Amino acid sequence: MGITNRWDCFVCKVSYRKMISSGKKIIVTGSNRGIGHGLVKKLCADNKGYDVIMAVRNLESGQKILNEFKQAYPSMKDKLFLGQLDVSNPESIDSFTKWVSTTFGKVDILLNNAAMAWKGDAFNEEVVRTTFQTNFYGTVELTEKMLPLINDNGKVVTITSFTGKLGKVKSPEILRKLKADDLTADTIFDCAKEFYNDVKAGNYADKWAKHAYGLSKLFLNLWIRVLAKRPEVLSRNIQVYACCPGWVRTDMAGPNAPRSIEEGIVCPLYLVELPNEVKRDFQGQFFSDCRVTSIN
């Protein structure tokens, strides 16, 4: 019989609190495969003192991977944890953040990795809706709800994409809004809604590229930049970064991508390991190959 209640499973039936060490706690979303799986594997192999919280959509596959990691890395046996999270589902986000609060109190690093992309040439309002729900809206909602649960001197590292650049926007008026020094989250959300409505109405071609994935990552890159400037983030010395792993061979990106998963996890882990200092030149920036890179 499958698990029907993730809250009962992970709070009542599993006494994680008795197992938790005093090490830094890092959440990796989408950690049952691809880059997320590679990140958890490397964190286990390096064993630098992190308690690693694997956030997965599918508990059965997640539990199997958790057991494999515990067997392969015995020193991590009591430092690996599993929670169910579907970033496209607001109820799942609520349950997950409640579980984190109840079980761990607070964490040190949120590593947003979960994402989705449609395969093939399909492009319509449904493609835009589902892509944005996971890659933009869901990631933003999770981050907002996790912020109070991140310790001072913590980090939010979000894996986005080099496809998320301003070149995906054709409209000079929209570009002007998105490039403004005083860009706000409201403006970003308004523009995202405008993109969806334009695709739904069939009149997007003069304003937007035909690229739901790239635009979802562009709006996420811009939101990360705005988040990084918020007073409650800066006052708590929380570092905020976006990064691209490159084009990596995963189920989502396909077998022809030039980079291995081992190469793709280098930049996110570089940001995870940065010293606990908010640097003006780094905060809120987009990183590629461990360097600040423009999204213009």
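Approximating the spin labels as points 7 Å out from Cα along Cα→Cβ, the Asp46-to-Lys179 distance works out to 3.7 nm. Summarise the accessible area of the chain (1.4 Å probe, protein heavy atoms) by the percent that is carbon and sulfur. Percent of accessible area from carbon and sulfur atoms in the chain: 48. Sorted from longest to shortest, the spans of the Cα atoms of segment 93-193 along the three principal axes equal 46, 35, 22 Å.
In a reduced charge model with +1 at each Lys and Arg Cβ and -1 at each Asp and Glu Cβ, the chain shows a dipole moment near 480 debye about its Cα centre. Farthest toward the positive end of the dipole of the chain, out of Asn113, Val272, Ala55, is the Cα of Val272, where the dipole comes from beta carbon charges about the Cα centre. Accessible surface calculations at 1.4 Å, restricted to protein heavy atoms, place segment 193-235 at 44 Å² per residue.
Neighbours of Tyr270 by Cβ distance under 10 Å: Lys/Arg scored +1, Asp/Glu scored -1, total -1. Available extension along the chain between Gln71 and Asn296 is 76.5 nm, counting 0.36 nm per residue and deducting the alpha carbon span.
Please report the antiparallel percentage of the DSSP beta bridges confined to the chain, to the nearest 5. If we restrict to bridges inside the chain, about 15 percent are antiparallel.
Cross-link partners for Lys200 among the lysines, with Cα-Cα distance under 17 Å and sequence neighbours closer than 8 places in the same chain left out: Lys210. Taking every protein chain into account, the accessible area of segment 24-105 amounts to 40 square angstrom per residue (probe 1.4 Å).
The values are calculated or read from the model by the stated rules, or taken from the named source; none is laboratory data. Since we're looking at a predicted model, the values are computed, not measured. All Cβ positions, even for glycine, are placed from backbone atoms using ideal geometry, and neighbour counts span all protein chains on display. Ligands, DNA and RNA are stripped out before the accessible areas are found, and what is left, the full protein with its side chains, is counted by its heavy atoms. Shrake-Rupley method; radii C 1.70, N 1.55, O 1.52, S 1.80 Å.
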